[in-house]
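Notes follow the structure.
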Amino acid sequence: MSLNTLEDALHEELCDMLSSETQITKALPKMAKAATNPDLKAAFEEHLEQTEGHVERLNKAFKLLGKKPEEKTCEATKGLLKEGASIIEEKADPQVKDALLIAAAQKVEHYEIASYGTVCTWAEQLGLTELKDLLGETLDEEETTDEKLTALAEGGVNADAE
Ligand SMILES: [Fe+2]
Ligand SMILES: [Fe+2]
């Protein structure tokens, strides 16, 4: 892939994000299973459904760009999810594990927020309004999920872990 224009950069980033979202669809069921707090479990399950939608939106985004969907292994997501997986395997008090799962999940959400923020800004710069709006919907869902995780942590999970 030769990177000569901002549109090339956008395509490159979308290939990274397709890998990222695909990896996350495989990790979220394990996180839901590992969570004890029923609201946290439900939040992971809900975000799994949303994440499947994120993969679909990315596939649409490639179509809008007139490019074939391609995955380029996202090493950052791989690393973040590896940390998440080690928390799942850890022998820990269930409430403490929930607090750790929220921490791991929020690191992933923040990574996604950074990625979607970037591609939305690039799409806007390129005048690709439809693409910007499409990926903006995912950005909103990532931000809402992050806020929801904060609310769960502050609303009882952290106190239970204490
Ligand atoms: Fe996502
Ligand atoms: Fe997400």
Open item on the list: With only alpha-carbon atoms in the gyration tensor, what are the semi-axes of the equivalent ellipsoid for segment 75-126, in Å, largest first?
Closed with: 31, 11, 4
Task: Gyration tensor (alpha-carbon) shape descriptor, segment 36-77, a/c threshold 1.5 - done: oblate
- [ ] Mind checking the per residue accessible area of segment 1-131 for me, 1.4 Å probe, whole number of Å²?
- [x] 53 Å²
Open item on the list: Between Glu124 and Lys26, what is the label-point separation in nm under the 7 Å Cα-to-beta-carbon projection?
Closed with: 3.4 nm
Task: Rounded D (µm²/s) - the chain, Kirkwood Rh over Cα pairs, Stokes-Einstein at 4 °C, 1.567 mPa s - done: 80 µm²/s
Open item on the list: Filter Lys41/Lys132; Lys78/Lys148; Lys26/Lys72; Lys60/Lys82; Lys26/Lys132 down to the pairs with a C-alpha to C-alpha distance above 20 Å, please.
Closed with: Lys41/Lys132; Lys78/Lys148; Lys60/Lys82; Lys26/Lys132
TODO: Over the Cα atoms of segment 39-108, compute the convex hull volume and normalise it per residue, giving Å³.
DONE: 91 Å³
TODO: Would you work out the relative contact order for segment 49-161, in percent, from Cα pairs under 8 angstrom that are 6 or more residues apart?
DONE: 32 percent
Open item on the list: Taking 20 °C and 1.002 mPa s as the conditions, I'd like the Stokes-Einstein D for segment 1-76 in µm²/s, using the Kirkwood hydrodynamic radius from alpha carbon pairs.
Closed with: 159 µm²/s
Task: Directionally averaged shadow of segment 83-156, computed from the convex hull of its alpha-carbon atoms, nm² - done: 5.3 nm²
Task: Within the chain, helix-based [θ] at 222 nm, where runs of 4 or more DSSP H residues each add -39,500 (n - 2.57), nearest 500 - done: -28500 deg cm²/dmol
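The values are calculated or read from the model by the stated rules, or taken from the named source; none is laboratory data. Just so it is clear, the model here is predicted, and its values are computed rather than measured. In this analysis, Cβ positions are derived from the backbone assuming ideal geometry, glycine residues included, and neighbour counts consider all displayed protein chains. For the accessible areas, the whole protein counts, side chains as well, though only heavy atoms, and no ligand, DNA or RNA atoms are used. Shrake-Rupley method; radii C 1.70, N 1.55, O 1.52, S 1.80 Å.
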